[in-house]
Amino acid sequence: MSEHAKLTIGENEYELPLTTGTENETAIDIGKLRGQSKIITIDPGFKNTGSCKSAITFLDGEKGILRYRGYPIEQLAEKADFMEVAYLLIYGELPNKEQLTTFHDSITHHTLVHEDMKQFFEAYPRKAHPMGILASMVCSLSTFYPESQDPNRGSSAVDLTIHRLLAKLPTLAAWSYKHSKSHPYVYPQNDLGYCENFLNMMFKMPTEEYEIDPVIVNALDKLLILHADHEQNCSASTVRIVGSSQANLYASISAGVSALWGPLHGGANQAVIEMLEAIKEDGGDYQKWIAKAKDKNDPFRLMGFGHRVYKNFDPRARIIKKAADDVLDKLGINDPVLDLAKNLEEIALKDEYFVARGLYPNVDFYSGIIYRALGIPTEMFTVMFALGRLPGWIAQWKEMVENGEPIGRPRQIYTGANARDYVSIDNR
Ligand code: SDX
């Protein structure tokens, strides 16, 4: 392939360099286009626009491929644990035993949050959505650790900030749940693993021991791995652009939490369960709801269906759908909503509207059914997504910093009023 693209505009022809990645994806580098032609490109939602070069995650939407640092998601979900995957995403290689032990120990010893942060929780209404609490709490961490605000970001300060955030997010998440229930906070324990600690902080009551079920721990660990990164999705792009101003890691991740909250993104896992419950309450008339999803005059969308990149299947949805069967079977749970979801998927995938648009179940379609079986309340589902996505957001932020990427500042095409003179109020 030629090293350049040729662009002809009117009488003028411009040569634009091509850049090709390790999986043979090719992009037109338009970095100098405006300087040569005074012309920019425009692509609302960046559907066909690359924002960066990245070595973290590779997706192939047509083939349903997802790899973290080259390792297929199917192998990582089956054989690795979440701490290993977090290390892989952030530092680029699978850790050896010594590296994993050091990483895990460092995180274990940073799980406590400053006692003063408990006052923040007390100020929130009991019914506050935990994503609103989480976004605020994550940004507030920067006020307790001012050294994290150093834009020069020496590597040891960065590692400490990264480990603190990985360690404290589960504590903040669990305490937002305890606050909503008016239950006493449960402190992290250094003798528990990452998932065990979170479950213990979520569900232990002072009056009794909380029995940690390995089935639940393994299911949660697998879900966190499946959510750990997904290249330049809405929230990861948000983290990168906020971080590009040299805002600190906590502020950048807080922005990512806010972006994830939206129902078109991570908030979909909560919206899916609410949708399935509504369909069940409505008598399970699938065809009625499929028709609503297809009706352009109806704002209803089949939540958990469709994806910007995957146009055949989301490999994570396949793994989660099987895990849902396994977990509910092992826990002896019969959730009618799982059967409803499967029936809905079967009908939609035979419908021309969905097939023609490449709309298939995405990561959010079945995940809520497992979270529910684990005892996680619906409003906490997107918080669970954030817990999983945290290492990916951190990896994306770290790569952007290490690559010395410029501050993100897109251009625009102006469509407003042309120049006009001020008119005094008496003459309007
Ligand atoms: C996540 O980017 C990522 O990687 C995200 C994520 C990650 O790991 O970070 O994978 C996580 O966010 C998964 C997506 C969760 N969101 C949902 O499940 C919400 C429902 N899905 C959609 O709203 C939608 O599919 C998106 C937002 C996921 C993708 O939207 P796009 O790529 O902008 O596509 P579009 O809205 O332009 O839709 C194309 C067509 C349109 O119809 P036409 O105008 O061509 O006639 O498909 C239709 C849409 O109306 N369509 C749907 C639909 N999704 C798209 N119609 C009904 N139900 C749906 N769910």
> With springs only between Cα atoms under 10 Å, which of Lys321, Lys294, Lys79 fluctuates most in a Gaussian network model of the chain?
Replying inline: Lys79
> Per-residue HN-Hα couplings for the range 225-239, Karplus 6.51 cos²θ - 1.76 cosθ + 1.60 at θ = phi - 60°, whole Hz, x for Gly and Pro?
Replying inline: 4, 5, 9, 5, 7, 7, 6, 9, 5, 3, 6, 5, 5, 5, 4
> Ranked highest first by the average count of other Cβ atoms within 10 Å around their residues, in what order do 58-70, 237-249, 132-144 fall?
Replying inline: 237-249, 132-144, 58-70
>> Order 22-35, 301-314, 85-98 from most to least packed using the mean count of other Cβ atoms within 10 Å.
In response: 301-314, 85-98, 22-35
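For the chain, what does the relative contact order come out to in percent, with C-alpha contacts under 8 Å and a separation of six or more?
Answer for the chain is 20 percent.
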> Of Phe385, Phe120, Phe103, which is the most mobile in a GNM of the chain whose springs link Cα atoms less than 10 angstrom apart?
Replying inline: Phe120
> Rounded to the nearest 20 Debye, what is the dipole magnitude of the range 4-50 about its Cα centre when Lys and Arg each give +1 and Asp and Glu each give -1 at the C-beta?
Replying inline: 200 debye
>> In Å², and per residue, what accessible area does the range 161-251 have when probed at 1.4 Å with the other protein chains present?
In response: 33 Å²
> With the calculation restricted to Cα positions, what are the radius of gyration and Dmax of the range 238-314 in angstrom?
Replying inline: 16.8, 52
>> Quick check for the range 268-373: number of Lys pairs with alpha-carbon distance under 15 Å, counting only pairs 8 or more apart or on different chains?
In response: 10
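May I ask you to give the average projected area over all directions of the convex hull of the Cα atoms of the range 268-373, in nm² rounded to one decimal? Kindly include the intermediate steps, with their values, before the conclusion.
On the way: hull surface 25.1 nm².
Quarter of the Cα hull surface area: 6.3 nm².
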>> Probe of 1.4 angstrom, ligands and nucleic acids ignored: what's the accessible area per residue over the range 4-50, in square angstrom?
In response: 79 Å²
> How many angstrom lie between the C-alpha centres of the range 154-175 and the range 44-98?
Replying inline: 21 Å
> Can you list residues whose amide H is under 5 Å from His4's amide H, if they're 5+ apart or on another chain and H is modeled 1.01 Å from N?
Replying inline: Leu18
> Picking from Ile42, Thr8, Ile30, whose Cα lies most toward the positive end of the charge dipole for the range 4-50 (charges on Cβ: Lys, Arg +1; Asp, Glu -1)?
Replying inline: Ile42
> Between Tyr187 and residues 5 or more places away or on another chain, which pairs have amide H atoms under 5 Å apart, with H built 1.01 Å from N, and which residues are they?
Replying inline: none
> Can you give the charge dipole size of the chain about its Cα centre, rounded to the nearest 20 debye, using +1 on the beta carbon of Lys and Arg and -1 on the beta carbon of Asp and Glu?
Replying inline: 1080 debye
>> Please compute the contact order of the range 268-373 in relative form: average sequence separation of alpha-carbon pairs under 8 Å and at least six residues apart, divided by the residue count, as a percent.
In response: 43 percent
>> Please compute the Kirkwood hydrodynamic radius of the chain from all pairs of different C-alpha atoms, in Å with one decimal.
In response: 23.5 Å
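Based on alpha-carbon atoms only, what is the radius of gyration of the range 115-246 relative to the globular estimate 2.2 N^0.38 Å?
1.16
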> How would you order 210-221, 416-427 from highest to lowest mean count of nearby Cβ atoms within 10 Å?
Replying inline: 210-221, 416-427
> Per the 1.4 Å probe, what fraction of the accessible area of the chain, in percent, lies on carbon and sulfur atoms?
Replying inline: 51 percent
>> Excluding same-chain pairs closer than 8 in sequence, count the lysine pairs in the range 72-224 whose Cα atoms lie under 19 Å apart.
In response: 13
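Contact order normalised by length for the range 4-50, with contacts defined as Cα pairs under 8 Å and 6 or more residues apart; what percent is it?
24 percent
The values are calculated or read from the model by the stated rules, or taken from the named source; none is laboratory data. In this text the structure is predicted, and so the values were computed from the model without any measurement. Virtual Cβ from ideal backbone geometry, glycine too; neighbours counted across all protein chains shown. All accessible areas refer to the heavy atoms of the entire protein, side chains included, with ligands and DNA or RNA removed. Shrake-Rupley method; radii C 1.70, N 1.55, O 1.52, S 1.80 Å.
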